[in-house]
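Below: the structure, in structure tokens.
The values are calculated or read from the model by the stated rules, or taken from the named source; none is laboratory data. The shown structure was predicted, so the numbers you read here are calculated from the model rather than taken from an experiment. We place every Cβ from the backbone using ideal geometry, glycine too, and count neighbours over all the protein chains shown.
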Amino acid sequence: MRYFLELAYNGKNYHGWQVQQNAHSVQAEIENKLPVLLKTPTEITGCGRTDTGVHARQYFAHFESENELDTGKFCYQLNAILPKDISVYRAFKVPDRFHARFDAISRTYEYHISNRLNPFLQELSWCFYRDLDVIKMNEAASLLKNYSDFECFSKVHTQVNTFICRIDKAKWIQHENGLLVFYIQADRFLRNMVRAIVGTLVEVGLNRCSIDDFIKILESKNRSEAGQSVPAHGLYLTRIEYPKTESLIF
């Protein structure tokens with residue numbers, strides 16, 4: 001039987017989601033705890049990678065269990081033995097072929113920039129106090145939906161078959177608490193893609209990069225043409241969408 005977990009985590013203490021040699025990951029932490037409850041070694045498959053230090057407000061993963069689970073009790077027991085920076089919201093059964101990664105149809109990220117001194121956001125946003133032209137940044141961000149090849153924003157030497165993504169939403173919103181948030185939704189993301197996009201849009205906001213320059217970067221397919229990657233601790237995976245069917249409630 002296949003079960004999904006909906007969870008969230010603060011990525012500060014982890015080298016991303018995926019299991020790695022000689023590094024602490026969210027996946028490894030959960031896989032170390034599942035056998036305590038399931039009484040057998042159990043692998044868990046996530047809906048995607050997050051890099052070192054990146055957070056997830058909504059994340060889905062699946063695992064197999066030979067026995068029927070009392071999902072409410074299972075979540076309670078799993079949370080009791082997981083670190084406090086990982087929280088499981090719920091567990092639910094899905095069809096055996098339903099896949100946390102491959103069946104996801106969209107993902108949404110937020111990048112948080114704190115543009116005034118806020119002691120509660122020091123480690124949960126990028127503190128950047130220079131004035132930014134948000135209108136111009138949104139003008140550039142809107143162009144992302146006109147393109148499909150984002151090699152210019154991808155980490156180099158990654159093993160991917162394609163750099164093609166469909167971006168459905170890309171927008172900056174200035175909130176009253178001094179938080180400037182970039183919202184971006186796509187069917188898939190390349191490694192380091194959001195942080196590279198944000199770094200390039202910040203260059204636009206500082207008037208170091210014109211709209212025409214931004215278009216040239218998009219068409220260059222060259223990572224060295226784009227801006228620097230912004231710090232990981234301001235990035236959040238916030239929503240994963242799946243096809244809506246009668247047997248699945250997300």
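Here are the numbers for the structure shown:
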item: Flag if A8 is closer than 25 Å to V194 by Cα, part of a strand (DSSP E or B) and aliphatic (A, V, I, L, M); result: yes
item: Check on I86, aliphatic (A, V, I, L, M), within 21 Å of L124 (Cα to Cα) and surrounded by 15 or more Cβ atoms within 10 Å (Cβ to Cβ); result: yes
item: Among (1) within 21 Å of the chain's Cα centre (by Cα); (2) more than 24 Å from T50 (Cβ to Cβ) - the single one L179 does not satisfy; result: (2)
item: One residue from A170, A196 being in a helix (DSSP H, G or I), under 30 Å from I86 (Cα atoms) and touching a helix residue (DSSP H, G or I) at 6+ places or on another chain (Cβ under 6 Å); result: A196
item: Among (1) β-branched (V, I, T); (2) over 17 Å from the mean Cα position of the chain (by Cα); (3) not assigned by TED's automatic domain parsing to the domain that holds E176, the one test that I86 misses; result: (2)
item: Scope the range 207-230; condition buried (at least 16 other Cβ atoms within 10 Å of the Cβ) and either farther than 24 Å from T162 by Cα or hydrophobic (A, V, I, L, M, F, W, C) (or both); matching residues; result: C209, F214, I217, L218, A226, V230
